[in-house]
């Protein structure tokens, strides 16, 4: 593989390197909240899913949800991380209307999960590792809505108290692409393990991005933290902007103030959140309402034993077992359902053809309908239809070109793949006599081009195109090429 | 650790407590006295002693992941000085 160019920002004084670390907040997939029995589901009416614990009424006491702890441990094991059999909860104090208690229950000193590692793949198939610093459990805050009234802020506490896993990486990323690839892989992992839905649009996976710059290989620079970036694209955009901003300050002889910044998606820039600076004095202390969290080693072992094959393990296996590219394998293991559908079909059909079908046609169809690829297919395009479709390509009934049309017919519910082939007349012409007749007529109509092709053999492409047009894309491309070579005397 | 008037003002501000200027010095004095009293505990040698988290030997009780609470919007909002359309309504906070 070719040596990759490191990502550099070129300034007036030379090249700069960007150093990135991420804190990802992943909402735990659970029925009830971390310390109360209120529901967590998305989209309920305002304050319909609030217990008196979440509303911080006097005398209410938190009781931890065992399943949320299990999900954190499961994620930790997926990150090959150390599981701390004893951890504890601290209060992080700050004042904000969507935090009724005036503090967030979090884990500051002793997190439930310690150091781990995640192997991340770039789009070109090369890999790098990102160290995981820690994973801890904490409560989410409620939601403040500022645009319902010019003079008042509206507060909905449905989200208050929902369990979050904060996953803190080491500053191991060196480009916006690497940061994007890391979040993508982390998202794939939590979805795979079923510990978080990873739906960034619903806000159940969001990231704080730490960015600093330095001369390549030099001392780490002062970092700024960009809060609450909620899409893969914004994460990358905010890093590009922030790194450039820091380089300009440093090259002008200035210095970087360590601060919290906000990414403005509309303007594509980051700006200082001065209002939050004072609140940074969180005055952490152990929560007296909660005893230390002690885990039974046998329980942790049972969770370990119940883990499925992990995405990076499966991606490796798909490459060696089915000869897939790193890229295709990566796309397939983005989601457990998708990967499962792939394996079901790859057992009966050409693995590469299946990979193309699933990662291209089917994924495009799913996205267009806002659906996910499931183990059984997408909407009415189920495994049976896909299998019939693949078989028609494999036995040469349709060419790779008309296969597209066949798939369109399936999308439009025109019948079974075999019925669509007949109705749309997609059957591939392998009858060499028929192809020869078309070739002859095209050569006869274009004697100058035929002559030119003798000295410029690549001009054959033009003839292939003409034959395909004449036959409505139904001619077998290999047969067309063969016949053209003979007839043109190449 | 000595607390001065400026620290009292800052901590009061963080906790959103209104402390009149004239009370800052007396409060600092009171707090210093309390801290000094607590600091006497520092005389005890606690090397190698685990922090005590409970007076009785119990483990952190846990709950199953079942919805047992919520769906009581009116109760939740009952004490709110102001509410509308099911929301708490508070003076404008702008980022």
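Read-outs throughout are calculated quantities, based only on the coordinates presented, and are distinct from any laboratory measurement. These numbers were taken from a predicted model, which means no experiment stands behind them. As a convention, Cβ positions derive from the backbone with ideal geometry for all residues, glycine included, and neighbour counts pool all protein chains shown.
Here are the numbers:
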quantity: Peptide A:64-70 - average C-beta neighbours from other chains (10 Å radius); calculated: 4
quantity: Separation of alpha-carbon centers, region A:254-333 and region B:12-53, rounded to whole Å; calculated: 36 Å
quantity: Space enclosed by the convex hull of the alpha-carbon atoms of region A:41-187, per residue, Å³; calculated: 157 Å³
quantity: Inter-chain shielding of B:76-85 (mean C-beta neighbours from other protein chains, 10 Å cut-off); calculated: 4
quantity: Rounded tilt (10° steps) of A:460-470 against the dominant C-alpha axis of chain A; calculated: 90 degrees
quantity: Reference-scaled alpha-carbon Rg (2.2 N^0.38 Å with N residues) for region A:130-192; calculated: 1.56
quantity: DSSP bridge orientation in chain A - percent antiparallel, rounded to nearest 5; calculated: 95 percent
quantity: Sequence-separation-based contact order of region A:432-488, relative, with Cα cut under 8 Å and 6+ spacing, percent; calculated: 46 percent
quantity: Cβ-derived FRET efficiency at R0 51 Å, residue A:309 paired with residue A:486, nearest 0.05; calculated: 0.50
quantity: Three-way shape label, region A:360-408, alpha-carbon gyration tensor, a/c 1.5; calculated: oblate
quantity: Estimated inter-spin distance, residue A:283 and residue A:404, nm [label 7 Å along Cα→Cβ]; calculated: 6.6 nm
quantity: Distance in nm between pseudo-label sites at residue A:151 and residue A:201 (7 Å out along the Cβ direction from Cα); calculated: 3.7 nm
quantity: Length added when fully stretched, residue A:86-residue A:56, from 0.36 nm per residue minus Cα-Cα; calculated: 8.1 nm
quantity: Over region A:336-442, relative contact order from alpha-carbon pairs under 8 Å, at least 6 apart, %; calculated: 21 percent
quantity: With Cα atoms, 0 to 90° folded angle of helix A:176-193 axis to chain A main axis; calculated: 80 degrees
quantity: In degrees, nearest ten, helix A:311-322 long axis to first principal axis of chain A (Cα); calculated: 20 degrees
quantity: Theoretical FRET efficiency, 1/(1+(r/R0)^6), r = Cβ-Cβ of residue A:352 and residue A:119, R0 25 Å, to 0.05; calculated: 0.55
quantity: Rounded, prolate or oblate (a/c below 1.5 giving rounded, otherwise prolate when a/b exceeds b/c) for the protein assembly as shown by Cα gyration tensor; calculated: prolate
quantity: For A:140-146, mean number of other protein chain Cβ atoms within 10 Å; calculated: 2
quantity: Rounded, prolate or oblate (a/c below 1.5 giving rounded, otherwise prolate when a/b exceeds b/c) for chain B by Cα gyration tensor; calculated: oblate
quantity: Two-site FRET efficiency, residue B:39 against residue B:5, from Cβ-Cβ distance with R₀ of 22 Å, rounded to 0.05; calculated: 0.60
quantity: For region A:432-488, the Rg and Dmax computed from alpha carbons only, in angstrom; calculated: 10.1, 29
quantity: All Cα pairs of region A:198-271, percent lying beyond 14 Å; calculated: 60 percent
quantity: Percent RCO, i.e. relative contact order, over region A:8-302, from Cα pairs under 8 Å lying at least 6 residues apart; calculated: 24 percent
quantity: Projected label distance in nm at residue A:9 and residue A:391, using a 7 Å step from Cα toward the beta-carbon; calculated: 5.8 nm
